[in-house]
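The next block holds one structure in the form of structure tokens; read it before the comments.
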Amino acid sequence: MAYYTFLSFVIILYLYDYFHLVETRRTNDTEKYNQYQCFSTLSDKSDKFHTKLLQPLLIKRVSGTRGNAQVRQHIISILQSTKIWNIEYDTFNSMTPDGIVKFTNIIATLNPTATHRLVLACHYDSKKLPHFIGATDSAVPCAILLDL
């Protein structure tokens, strides 16, 4: 009889410990998820994403054109408005079918002294095709990154 009492006690102790660990793990996972809530603004019901972030990108923005410079300035102003990004530019000239064109990459770094970084990238220029805006190549991806 004492054997069965002891065995029952061990089983109950094991089950309690097991379910306690599972609940602790769930709580920790929820806490980890909650710290990243700030990245969920795409589900925002406001029209901010479309009007403030995406709409200004929906123009012809071929490298070396006024539209490209306009979009670049829009991206820079959004990044500067948050006051959390260190912004650098990588400007260079490259040969294209239309001759040499000036290109500018925008490099926005959060905490430039960090030893590890996650790179999120998109290109804001569009192809040089008649009537081509390039909403999915790459206006929407740029707007999504700006919304982070």
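Considering only the range 39-79, how many residues are closer than 30 Å to Thr113 by Cβ, surrounded by fewer than 17 Cβ atoms within 10 Å (Cβ to Cβ) and modelled with pLDDT of 95 or more? Qualifying residue count, the range 39-79: 3. Reported count of residues in the range 76-91, each being farther than 14 Å from Leu145 by Cβ and either in contact with a Cys (Cβ under 8 Å, 6 or more places away or on another chain) or part of a helix (DSSP H, G or I) (or both), is 3.
Annotation note: of His116, His131, His123, the sole residue that is within 17 Å of the chain's Cα centre (by Cα), without any contact (Cβ under 8 Å) to a residue 12 or more places away in the chain and part of a loop (DSSP other than H, G, I, E, B) is His116.
The values are calculated or read from the model by the stated rules, or taken from the named source; none is laboratory data. What you are looking at is a predicted structure, and each value in this text was computed from that prediction instead of being measured. Cβ atoms come from the backbone with ideal geometry, glycine included; neighbour counts cover every protein chain shown.
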